[in-house]
1. Quick check: anything in segment A:73-89 more than 15 Å from ligand 1 (Cβ to nearest atom), within 14 Å of chain B (Cβ to nearest Cβ), within 30 Å of B:VAL309 (Cα to Cα) and within 18 Å of the chain's Cα centre (by Cα)?
2. Among (1) surrounded by 19 or more Cβ atoms within 10 Å (Cβ to Cβ); (2) within 16 Å of ligand 1 (Cβ to nearest atom); (3) not hydroxyl-bearing (Ser, Thr, Tyr), there is one condition A:PRO222 misses while meeting the rest; what is its number?
3. List the number of the failed condition for A:GLN95; all other conditions in (1) more than 10 Å from chain B (Cβ to nearest Cβ); (2) within 16 Å of ligand 1 (Cβ to nearest atom) hold.
4. Scan segment A:169-182 and tell me whether some residue there is over 27 Å from A:ARG86 (Cα atoms) and acidic (Asp, Glu).
5. Can you tell me which residue among B:SER150, B:SER188 is closer than 25 Å to B:VAL235 by Cβ, without any contact (Cβ under 8 Å) to a residue 40 or more places away in the chain and not charged (D, E, K, R)?
6. Residue check: is A:VAL201 of a type in the set (Val, Ile, Thr) and either part of a loop (DSSP other than H, G, I, E, B) or over 12 Å from the mean Cα position of the chain (by Cα) (or both)?
7. Can you find even one residue in segment A:136-156 that is charged (D, E, K, R), surrounded by fewer than 23 Cβ atoms within 10 Å (Cβ to Cβ) and not in a helix (DSSP H, G or I)?
8. Do the conditions hold for B:PHE238, that is, is it within 14 Å of chain A (Cβ to nearest Cβ), closer than 25 Å to B:LEU136 by Cα, in a helix (DSSP H, G or I) and aromatic (Phe, Trp, Tyr)?
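The values are calculated or read from the model by the stated rules, or taken from the named source; none is laboratory data. Just so it is clear, the structure is predicted and the values come from calculations on it, not from any experiment. FYI the Cβ positions are ideal-geometry reconstructions off the backbone, even for glycines, and counts take in every protein chain you see.
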Amino acid sequence: MSTSTASTSTSTAIHLAGISKTFSTSSGDVVALDDIDLDIPQGAFVSLLGPSGCGKSTLLRVIGDLVTPTAGTVQVAGTSAAEARRTRQYGMAFQAPGLMDWRTVRRNVELPLQVQGVGRAERRQRADEMLELVKLTQFADHRPRQLSGGMQQRVAIARALAMQPRVLLMDEPLGALDEMNREHLQRELLRIWRATGTTVVFVTHSIPEAVFLSTEVVVMSPRPGRIASRIPVDLPYPRTDETRLTDEFQAAERHVRERLHAVLEPSTAGL
Amino acid sequence: MAAIRTAPRPSATAAPQAAPPSPARARRGRPQHLGRVLRDLGTAALVIAAALLAWEGYKALGQATGDLVPLTSVPLPVATDDAAMPHVWQVLAALAGPASTASDQTLLAYYLQQTSVTLREAAYGLALGAVVGVLLALLMRQLPWLGRASMPWLVVSQTIPLVALAPIVVVWIGGAGFPSWVAVTVISAYLAFFPVTLNTATGLLSADATHVELMRSVAASPLQTLLLVRVPAAVPSFFTGLRLAATASVVGAVVGELSAGAGLGIGRAILTAAYYYSLAPANLYAAVLVASLAGVVFVQVIALAERLVLSKREN
Ligand SMILES: Nc1ncnc2c1ncn2[C@@H]1O[C@H](COP(=O)(O)OP(=O)(O)OP(=O)(O)O)[C@@H](O)[C@H]1O
Ligand SMILES: [Mg+2]
């Protein structure tokens, strides 16, 4: 809810200590994450950036208790990740919208509330609020397949927001969109984040996207997955399309790009 | 048919305000169903016409060559005299004629009456088989060890020849004091449950991994995941199984009637016609014809129900 730079809050929303994850496969062990420490403050918007296969999705899943780490501890709002999931602190959206075609758009958004046992009338009202937020009210009674990819993704985001989660985990939710829709949804995402004050962990492949959205960009390096650098982004909110044109924005972008290239090509780092 | 499309389809415009869906995605309505039904009926008529032509053609050929393959001395596999292969019109005439010497009911009316008995048994058998089949599939899904342990037995149950099993069922159920149609229904259900179990079980496993993960992320109970994700995902496969089961249930009902010995039904009528075959060969063909057509109609009704349910779900 901060109006200047965010993450002014002091309390820690997500605390990762010594997180490692090794997948055992038929062709040997894969170390997806190696000894990761990360503290994410309450209300932060943190982007995970890094080359393909560096463990971004795995880290997100560890935070969301969809993957159990081989070593280390995860604490979310003072409890374990498992407890946080059980008490429904998370909203998750993934690269594929994952909507159910046998449900209308509204009923897709209602799903988490239905699981939670919220009554029919309240469920519907909350779903309508969320659809309003992503500007899809007029499509409430459509089937997902009748919507464009970008609209489907917005429904998935509305669904992730439906339970008013304290922590929003998003794995490349805008990855498949064209540039215009993507920037539009980035603005909406910021608006929603600022309106709700949730903590967001956001996986992306796009440097401008990470810089535009985040209070902090976390660059990861592959084999094994480690945190290479953490870059605070001190651009004031609200960020608009004009923000993208400012020197500060472009400097931040350049900075992140350098760090990312250092990860991609260690031998040519600093060029 | 109800494939879940996760492939994103970015809209062509930037449109911050949502654009209405294009007419191409407009819902499919009833008229299309009617069109499909009419087309299916047309196809069926063509198939029947072709079968009749083949029948009469073969018979004419046999009559011309003295039941030999033309220009050889190799005998045709089936004799073509009127006792073995009555003309189509003889069969139709038999249907139009009286059911028996002392009856003013036509044979067609009589057979249709008997067929309605059989189809009722088949419908009960299909319903029972579908319920048992779905319950088994759910059980096997929730208790995988039970699924692994029971699958070989289910397969064995379907490989035992029905003609061997049916009399046993008839004796058991008759011994318990039930009328013969109950035994027939059970035999019909016995054939019907298997395709339902198999297809529904496959459907339950086909649930989208992202949907299952989503349910986990919101701490859904296993029962909620089953009912809200796996069961809906299994509906198309269930119907595939049900369509196969519809065919099987009719076969089961007819064979069950043959074994039941007493009672009504087209199976019984076929048995009687076979018994008097040398006196009235056309009657047997007439009975088989009526039974087959009724079976086709029965299966088509189920297929239509499938289409209605799936299209209602999708739109
Ligand atoms: N379930 C799994 N079983 C085995 N290996 C896995 C599994 N999930 C991930 N991995 C491996 O762990 C590593 C990290 O995968 P992860 O999906 O977290 O990468 P990522 O950074 O999200 O990549 P991308 O940007 O391509 O999505 C990869 O080498 C991957 O092959
Ligand atoms: Mg990933």
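1. No, segment A:73-89 contains no residue that is more than 15 Å from ligand 1 (Cβ to nearest atom), within 14 Å of chain B (Cβ to nearest Cβ), within 30 Å of B:VAL309 (Cα to Cα) and within 18 Å of the chain's Cα centre (by Cα).
2. Of the numbered conditions (1) surrounded by 19 or more Cβ atoms within 10 Å (Cβ to Cβ); (2) within 16 Å of ligand 1 (Cβ to nearest atom); (3) not hydroxyl-bearing (Ser, Thr, Tyr), the odd one out for A:PRO222 is (1).
3. With (1) more than 10 Å from chain B (Cβ to nearest Cβ); (2) within 16 Å of ligand 1 (Cβ to nearest atom) applied to A:GLN95, the lone miss is (1).
4. Within segment A:169-182 (the criterion being over 27 Å from A:ARG86 (Cα atoms) and acidic (Asp, Glu)), the answer is yes, since at least one residue qualifies.
5. Exactly one of B:SER150, B:SER188 is closer than 25 Å to B:VAL235 by Cβ, without any contact (Cβ under 8 Å) to a residue 40 or more places away in the chain and not charged (D, E, K, R), namely B:SER150.
6. Here the answer is no, as A:VAL201 does not meet what is asked.
7. yes
8. Yes; evaluated as a whole, the condition is true for this residue.
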